[in-house]
1. Among P247, P218, P144, which one moves the most in a GNM of the chain with springs linking Cα atoms closer than 10 Å?
2. Looking only at Cα atoms, what is the convex hull volume of the stretch 44-122 per residue, in Å³?
3. I need the GluC sites (Glu not before Pro) found in the stretch 1-106, filtered to DSSP loop residues with at most 13 other beta carbons within 10 Å of theirs.
4. Count the net charge of all other residues whose Cβ sits under 13 Å from the Cβ of P26, scoring Lys and Arg as +1 and Asp and Glu as -1.
5. Describe numerically, in nm with one decimal, the distance between label points set 7 Å from Cα along Cα→Cβ at H212 and at S139.
6. List the extent of the Cα atoms of the stretch 1-149 along each of their three principal axes, largest first, rounded to whole Å.
7. In the Gaussian network model of the chain, springs joining C-alpha atoms below 10 Å, which of T197, T88, T164 carries the largest mean-square fluctuation?
8. I'd like to check one number: the per residue accessible area of the stretch 214-257, probe 1.4 Å, reported in Å² as a whole number.
Amino acid sequence: IRSGLEGQPGHVAVALVTGDRSGLSPQTQESLRRSGLAHILAISGLHMALVTLTVIWLVRQCLVFVPGLAERHAIKKWAVGAGFAAATLYLFLAGAGVATQRAWIMLSVMMLAALLDRQAITMRSVAIAALIVLAIAPSSLFQPGFQMSFAAVAALVAAYRQWTDWQVRGARRVEYHRQAPGIGRKIAGYFAGLTVTSLIAGVATALFAAWHFHRIVPLGIAANLLAMPVVSLAVMPLCLLAMLLMPYGFETLALKPLGQAIEAVLGISDMVIGHH
């Protein structure tokens, strides 16, 4: 990765793929901390979910094009199985750190629920994942990573359940034919969801961050709103594509645009801290 992508973008890419942050400069790390974007350097639920969901979506789209296959077989479960394999590979590729193990356990519980035709995004799944993590490492209860990750996930799951319940009640009250949303509405919905997600996760983890790290990030939500679309739609998919192309020697095709996307994220971080 470093031979195909020089400078800090290359070191950030290495950190995202393997968890090795030794090449990152103190300036880059401090900039990301002060802007509230340091979480993108730790391979945790965000990265694991983006890689897993990308694989699930790609496999499912490919299987749909096989004539008659979707009608005879549950291709959704096949795609989830491929996502689980990708998540497990990412776990060992990244060195199986504590945060990565925790993310893998949480995603595995949710994918198992999907394979068993149960609701994946429930507070029960979060509780089961927390119990498994605590059974393996009880001392993690007092670590900031455990507290902040489960606080954020629990808050997001609770908000998601409230939102879906509200939609169901609204659909029962109003009976009419809904048109499929257009591209503009989909884009607006994506950014609205990103805004709400950043706000909920930020509020849920703020007290833990202030207690453990003795700092708050007043413009963290703004930084995440600007940077996370780039991370979600460009950085992590290009990291995955580079890994898939690497055995064939074509990783440069993905590393060059990946470097540009990472530079955009670092530029957003520097811009935000300049307005503190």
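1. Its mean-square fluctuation being the largest, the pick is P247.
2. Spelled out: Cα convex hull of the stretch 44-122, divided by residues, is 76 Å³.
3. E6
4. Neighbour charge sum, excluding P26 itself: +2.
5. About 1.5 nm, to one decimal.
6. 55, 41, 25
7. T164
8. On a per-residue basis, 56 Å².
The values are calculated or read from the model by the stated rules, or taken from the named source; none is laboratory data. What you are looking at is a predicted structure, and each value in this text was computed from that prediction instead of being measured. Every residue, glycine among them, receives a Cβ derived from its backbone with ideal geometry; neighbour counts consider all protein chains shown. Areas reflect the complete protein model, heavy atoms only, side chains present, ligands, DNA and RNA absent. Shrake-Rupley method; radii C 1.70, N 1.55, O 1.52, S 1.80 Å.
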